[in-house]
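Just below is one structure, and these are the notes that go with it.
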Amino acid sequence: MSELSVLLQVHIGAALAAILTGAIVFVLPKGGVRHRRWAYVYVTAMLATTGVVVFVPATVLEFGNSGWGFFHLFIVVGGVSSLVGVFALWKWNRTRDPAWLRNHQMRFAFSYAGLLMAGFSQIATNPRFGVVGVLDPKSFWMIFIAINVAILAIAMVMVNRYLAKGDPRRRYALKP
C-alpha cells in the first residue's frame, strides 16, 4: 500500500472503516447510544471516503483528460446519500414523522449497498489489483454487472422487507 498516494491510502482506509462500521450499525439495536456512536463513525468514514477521492485522478474510464472518471460520479451519490440520511434523521427528531425515520433508514441502507458496489467495482476495474486483465472483456463486464446487480437486488429486497413498511418506531421500540 506504500506505493499508493496518501489520498488513496486515506480513501481506502476510510472505505474499509465505513464497511466495518456500517455492518456494526446495521446489527445494533436502532436508536441506542451504541448505534448512534457507530453511526457517527460510519458517516464520518463515508464523507472521508467520498471527499478525499474527489482529488484522486481516474485510472479507468476517464472523461477525456479531465482526471475525472465514471466512478467519480458515484462520489456525488455516496456523499449526498449520507448527507440526506443525516438530514432525514434530523427532520425525524424535530417532527417525529415516521416517514422521515424510514427515509433515514432507507438512505443509509442504500448508502451501504453503494459502498459495497463501489468497493467491488474498484477492485474489479482498477489495473492496480490485476482483476480486470484476467478475463476477456465480455466475460469481465458480464460478471461485473451481475455482481453489482446482485448487491443492489439484495439491498432492495432487504429495504422492502425490513424498512419500507409500517411505522419504523414500533419495529425498534423508539419513542414517538
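Every read-out reported here was derived from the displayed coordinates using simple, explicitly stated rules and does not represent laboratory data. Every value quoted in this text rests on a predicted model; they were computed, and no experiment measured them. Heads up, the Cβs are rebuilt from the backbone with ideal geometry, glycines too, and the neighbour counts pull from every protein chain shown.
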By how many degrees, 0 to 90 and rounded to 10, does the Cα axis of helix 137-158 deviate from the longest principal axis of the chain?
10 degrees
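At a 10 angstrom cut-off on C-beta neighbours, averaged per residue, how do the peptides 154-163, 12-21, 118-127 rank from highest to lowest? All intermediate terms of the calculation are to be shown ahead of the outcome.
Working: 154-163: 14.3, 12-21: 18.4, 118-127: 16.8.
By packing density, highest mean first, the sequence is 12-21, 118-127, 154-163.
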Among Gln122, Thr50, Pro137, flag the residue with its Cα farthest along the positive direction of the charge dipole of the chain, charges on Cβ as +1 for Lys/Arg and -1 for Asp/Glu.
Thr50
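Calculated from DSSP H runs of 4 or more alone, at -39500 (n - 2.57) each and per residue, what is the 222 nm mean residue ellipticity of the chain, nearest 500?
Details: 6 runs with 120 residues, N = 176.
So the helix-based figure for the chain works out to -23500 deg cm²/dmol.
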Counting every C-alpha pair in region 1-103, the percent lying more than 25 Å apart is 30 percent
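May I ask you to give the average projected area over all directions of the convex hull of the Cα atoms of region 1-50, in nm² rounded to one decimal?
3.3 nm²
Suppose R0 equals 30 Å; then what is the FRET efficiency for Ile123 and Val80 from their Cβ-Cβ distance, rounded to the nearest 0.05?
Numbers: r = 23 Å, r/R0 = 0.78.
My answer for the efficiency is 0.80.
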If you average the alpha carbon positions of region 1-78 and of region 97-147, how far apart do those two centres end up, in angstrom?
12 Å
If r is the Cβ-Cβ distance from Phe63 to Leu16 and R0 is 45 Å, what FRET efficiency results, to the nearest 0.05?
0.95
Pop out the ³J(HN,Hα) list for region 12-19 in order, Karplus 6.51 cos²θ - 1.76 cosθ + 1.60 with θ = phi - 60°, rounded to Hz; leave Gly and Pro as x.
5, x, 5, 5, 5, 5, 5, 4
Once both labels are modelled 7 Å past Cα along the beta-carbon direction, what's the Met158-Ile143 spacing in nm?
2.4 nm
Rounded to the nearest whole Å³, what is the per residue volume of the convex hull around the Cα atoms of the chain?
122 Å³
With a bin width of 5 angstrom, please list the P(r) values of region 62-138 as percents of all Cα-Cα pairs, from the 0 bin to the one holding the largest distance.
3, 15, 17, 17, 14, 11, 9, 7, 5, 3, 1
Select from region 52-149 those trypsin sites (Lys or Arg not before Pro) which occupy a DSSP coil region and have at most 16 other Cβ atoms within 10 Å, ordered by residue number.
Arg96
To the nearest 20 Debye, how big is the dipole of region 14-173 about its Cα centre, given +1 on the beta carbon of each Lys and Arg and -1 on that of each Asp and Glu?
980 debye
